[in-house]
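Presented below is the structure to which this report refers.
The values are calculated or read from the model by the stated rules, or taken from the named source; none is laboratory data. From a predicted model like this one, the values you see are computed outputs, not experimental measurements. We place every Cβ from the backbone using ideal geometry, glycine too, and count neighbours over all the protein chains shown.
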Amino acid sequence: MDAINGFAYILGDDINTDDIVPSHTLTMRDPHEMAKCTLEFIDPQFVKKIDKGNIIIAGENFGTGSSREEAVNVFKILGVKAIIAKSFARIYFRNLINVGIPGITLTWDENTFSKGDNLVISLYKGVIFNKTKNIKVEFAKLPEFLTNILNEGGIINQLKKMLLK
Amino acid sequence: MSKTVAEKILLEHSDLKEISPGQFIECDIDLIMVHEQLGGRIHKEYEKLGIDYVWDPNKIFFILDHWVPAPTISAAQMHQDCRAFAKKYNFIHDMGMDKGICHQVLPEMGFSRPGMLIVGSDSHTTTYGAFNCLSTGIGATDVSVVFATGKLWFKVPESYKITFVEELNKGVMSKDIILKIIGDITTKGAIYKSLEFHGIESLSIDGRMTISNMVVEAGAKFGVFLSDNKLENWIQKRSKEEYNVIHPDKEAIYEKTLEYNLSEITPMVAKPSSPGNAAEIENVEGIEIDQAFLGSCTNGRIEDLRIAAKILKGKSIDPKTRFIITPASKEVYITAMKEGLLDIFINAGAVVTHSTCGACIGGHMGVLGEGEVCISSTNRNFVGRLGAASSQVYLASPATVTTSAIYGKITDPREVL
């Protein structure tokens, strides 16, 4: 899983799991129906504005709150390729890695990323190349333990292989 | 090497000789709790594995609590999916939908004991830390991994030592302590950390559970209390299983050390829309409310209902205010009934409901309408958490919630106690 190419979509601090998937959506049986409600309280137009291939750039404590993995899965359905945040809530970070979406912890400001910037992320090198701004930003590489899960496309795939052995 | 409680319990559950903070390790899980998430997402992930067993049906605690009894067709279908899974994989501890809220029922039944490592499909799984064990919330995919293997990866956390000295004053509850702590360290102040509580003797078991419950609001992975006689008496009444109490080593290394003088803590409120938005009650007194809610895994226990009854006895709630009381479990409900507390509530004008997560998640039994203001004994006041996105929720102790229900506005409970 290297060279993730996408466009920056900026969100703020403390985006919580109730913001991402409000609890009234949690009994919906169809995950695609649920995904239509993503972030409806924060920005009712979000699902119209987010494009497949977007990379979410968020502030502090992204995904704080519930253990509901739906809050990761809706972004997967919407085609989000990676999430970069100043910090992640613990359960949210696990859920991201487990379903196969890279979570990158990085302190950034408006000089680093703006809405729509074209980014290329190398997980192996720990570098984000912002093509629009023509700058390179380094981040703390994920431990091999976690990149192995991402390379399998999530921990379920990794476990499936292990169970077959 | 000297160890914290978290380091000791994680090491005990790994096959390693030594561990240190920051290390990724694999641990054996003693117990896993699942609720409606089983029908929401877990079963879909688990079926991908293509196996027809779970590692140990005796180590799975399954309960329906979030939407019980089912308020909608979709919730009823979710329950059907849950029950079908539990049946297919021969779950032994299937609690059904009449027992109450997971984090109250599991300890009541003696499933959380010192030294254990417990995970659950709910962020407030941290509650069991009150019982000198490690417990934390995980997502649906992690649950599937545990169902299949009985193991899970952990990053060994750094610990914060939080010591309590002296005792709480009348009208101040453990909810006020944890709201004060979250306000001080912020909602991101303890991300991935284990909070270890010392100086606990003056706190009730119910009160400790409230504190462990809400450590996740500061981002913490664990909120573990030391053990004392009060805890051991509690456990021995509810479980015949053996257990080992875990004490930290004297030279254990803590990333931070904090001390709270409980006699200096006053009633606290978390203003909309973050549990970290803490204020002393003087700053919010007089704000008019439409609804007061007493319940949830944070504060629906017998201690909470007793203080509410003490405050309400002989009084009525404000006629323009709704007061909804949801006992955290059937056991709490029955105890409150036997003690005559329900009579006091109902006669005062409150609505007492079946035990469920209900209003705390904006699910049912007390959902807020547009622009409504609620004071609530629950754990989260995020935008739209209890209903409409324009509603406003203030988090407070059961004493503050009940006193506010009487006056129809946020009121200091020390004025009536």
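Does B:Ile138 satisfy the condition of being buried (at least 23 other Cβ atoms within 10 Å of the Cβ), more than 14 Å from every other protein chain (Cβ to nearest Cβ) and closer than 20 Å to A:Glu69 by Cα? The answer is no for B:Ile138.
Does any residue of region B:284-291 turn out to be of a type in the set (Val, Ile, Thr), surrounded by 24 or more Cβ atoms within 10 Å (Cβ to Cβ) and over 14 Å from the mean Cα position of the chain (by Cα)?
There is at least one residue in region B:284-291 that is of a type in the set (Val, Ile, Thr), surrounded by 24 or more Cβ atoms within 10 Å (Cβ to Cβ) and over 14 Å from the mean Cα position of the chain (by Cα).
Number of residues in region A:10-34 that are buried (at least 20 other Cβ atoms within 10 Å of the Cβ), modelled with pLDDT of 95 or more and either in a loop (DSSP other than H, G, I, E, B) or touching a Phe, Trp or Tyr at 6+ places or on another chain (Cβ under 9 Å) (or both) equals 8.
So is B:Leu38 farther than 30 Å from B:Ala252 by Cβ, assigned to a helix (DSSP H, G or I) and more than 11 Å from chain A (Cβ to nearest Cβ) or not?
Details: farther than 30 Å from B:Ala252 by Cβ: yes; assigned to a helix (DSSP H, G or I): yes; more than 11 Å from chain A (Cβ to nearest Cβ): yes.
Yes, satisfied.
When B:Thr163 is tested against (1) over 24 Å from A:Ser67 (Cα atoms); (2) assigned to a loop (DSSP other than H, G, I, E, B), exactly one condition is not met: (2). Tallying residues that are part of a helix (DSSP H, G or I) and of a type in the set (Gly, Ala, Ser) within region B:45-60 yields 0. Name every residue in region B:99-109 that is out of contact with any Asp or Glu (no Cβ under 7 Å at 6 or more places or on another chain) and not in a helix (DSSP H, G or I), in order of residue number. Answer for region B:99-109, where residues must be out of contact with any Asp or Glu (no Cβ under 7 Å at 6 or more places or on another chain) and not in a helix (DSSP H, G or I): B:Lys99, B:Met109. Among the residues of region B:14-39, which ones are of a type outside the set (A, V, I, L, M) and surrounded by fewer than 20 Cβ atoms within 10 Å (Cβ to Cβ)? Hits for region B:14-39 are B:Ser14, B:Asp15, B:Lys17, B:Glu18, B:Ser20, B:Pro21, B:Gly22, B:Gln23, B:Phe24, B:Glu26, B:Asp28. The combined condition, being crowded, with 18+ Cβ neighbours inside 10 Å and more than 14 Å from chain A (Cβ to nearest Cβ), is fulfilled by B:Ala405.
Can you confirm whether B:Gly286 is in a loop (DSSP other than H, G, I, E, B) and either farther than 24 Å from B:Pro114 by Cα or within 14 Å of another protein chain (Cβ to nearest Cβ) (or both)? Yes, satisfied.
Run down B:Ile9, B:Ile19 and say which single residue is in contact (Cβ under 8 Å) with a residue 12 or more places away in the chain, assigned by TED's automatic domain parsing to the domain that holds B:Tyr160 and in a loop (DSSP other than H, G, I, E, B).
Values: B:Ile9 fails: in a loop (DSSP other than H, G, I, E, B).
Residue meeting the stated conditions: B:Ile19.
Residue count for region B:228-276 under the criterion of being under 30 Å from B:Ala399 (Cβ atoms) and part of a loop (DSSP other than H, G, I, E, B): the result is 10. Checked against (1) surrounded by fewer than 21 Cβ atoms within 10 Å (Cβ to Cβ); (2) outside any loop (DSSP other than H, G, I, E, B), B:Gly115 passes all but condition (2). Scanning region B:371-402 for residues that are out of contact with any helix residue (DSSP H, G or I) (no Cβ under 8 Å at 6 or more places or on another chain) and without any contact (Cβ under 8 Å) to a residue 24 or more places away in the chain, we see that the one that is farthest from the other protein chains (Cβ to nearest Cβ) is B:Gly371.
Residues that are part of a loop (DSSP other than H, G, I, E, B), away from chain B (no Cβ under 11 Å), under 13 Å from A:Ile97 (Cα atoms) and of a type outside the set (D, E, K, R): does region A:153-163 have at least one? Explain how you work it out, then say what you get.
So the first thing to find is which residues in region A:153-163 are part of a loop (DSSP other than H, G, I, E, B), and the list is A:153-154.
Then keep just the ones that are away from chain B (no Cβ under 11 Å); that gives A:153.
After this cut, where a residue has to be under 13 Å from A:Ile97 (Cα atoms) as well, the list is A:153.
Applying the additional criterion that residues be of a type outside the set (D, E, K, R) yields A:153.
Checked against the condition, which is being part of a loop (DSSP other than H, G, I, E, B), away from chain B (no Cβ under 11 Å), under 13 Å from A:Ile97 (Cα atoms) and of a type outside the set (D, E, K, R), region A:153-163 yields at least one hit.
Taking region A:105-135 as the search range and keeping residues that are out of contact with any Gly (no Cβ under 9 Å at 6 or more places or on another chain) and among the aliphatic types (A, V, I, L, M), which one is modelled with the lowest pLDDT? So, considering only residues that are out of contact with any Gly (no Cβ under 9 Å at 6 or more places or on another chain) and among the aliphatic types (A, V, I, L, M), the one modelled with the lowest pLDDT is A:Leu123. Out of B:Ser135, B:Ser144, B:Ser123, B:Ser159, one residue alone is among the polar types (S, T, N, Q), touching a residue at least 60 places away in the same chain (Cβ under 8 Å) and either closer than 16 Å to B:Asn58 by Cβ or out of contact with any strand residue (DSSP E or B) (no Cβ under 8 Å at 6 or more places or on another chain) (or both). It is B:Ser144. Within region B:69-98, the set of residues being in a loop (DSSP other than H, G, I, E, B) and either modelled with pLDDT under 95 or more than 14 Å from every other protein chain (Cβ to nearest Cβ) (or both) comprises B:Tyr89, B:Asn90, B:Phe91, B:Ile92, B:Met95, B:Gly96, B:Met97, B:Asp98. Only a single criterion out of (1) crowded, with 23+ Cβ neighbours inside 10 Å; (2) more than 14 Å from chain A (Cβ to nearest Cβ); (3) touching a residue at least 60 places away in the same chain (Cβ under 8 Å) is not satisfied by B:Ser2, namely (1). All conditions in (1) within 24 Å of the chain's Cα centre (by Cα); (2) assigned to a helix (DSSP H, G or I); (3) of a type outside the set (Gly, Ala, Ser); (4) at the interface with chain A (Cβ under 10 Å from one of its Cβ atoms) hold for B:His66, with the sole exception of (2). Screening the candidates B:Gly363, B:Gly349 for the property of being farther than 23 Å from B:Met268 by Cα, buried (at least 24 other Cβ atoms within 10 Å of the Cβ) and of a type outside the set (A, V, I, L, M) yields one hit, B:Gly363. The one condition from (1) in a loop (DSSP other than H, G, I, E, B); (2) within 30 Å of B:Asn261 (Cβ to Cβ); (3) of a type outside the set (Phe, Trp, Tyr) that B:Thr125 does not meet is (1).
Answer yes or no as to whether A:Ala71 is without any contact (Cβ under 8 Å) to a residue 60 or more places away in the chain, crowded, with 22+ Cβ neighbours inside 10 Å, among the small types (Gly, Ala, Ser) and touching a Phe, Trp or Tyr at 6+ places or on another chain (Cβ under 6 Å). Spell out the reasoning first.
Details: without any contact (Cβ under 8 Å) to a residue 60 or more places away in the chain: yes; crowded, with 22+ Cβ neighbours inside 10 Å: yes; among the small types (Gly, Ala, Ser): yes; touching a Phe, Trp or Tyr at 6+ places or on another chain (Cβ under 6 Å): no.
Taking the combined requirement at face value, the residue does not satisfy it.
In region A:120-137, the count of residues that are in contact with a helix residue (DSSP H, G or I) (Cβ under 7 Å, 6 or more places away or on another chain) and touching a residue at least 12 places away in the same chain (Cβ under 8 Å) is one or more. Restricting B:Val224, B:Val216 to those that are part of a helix (DSSP H, G or I) and either within 14 Å of another protein chain (Cβ to nearest Cβ) or not polar (S, T, N, Q) (or both) reduces the list to B:Val216.
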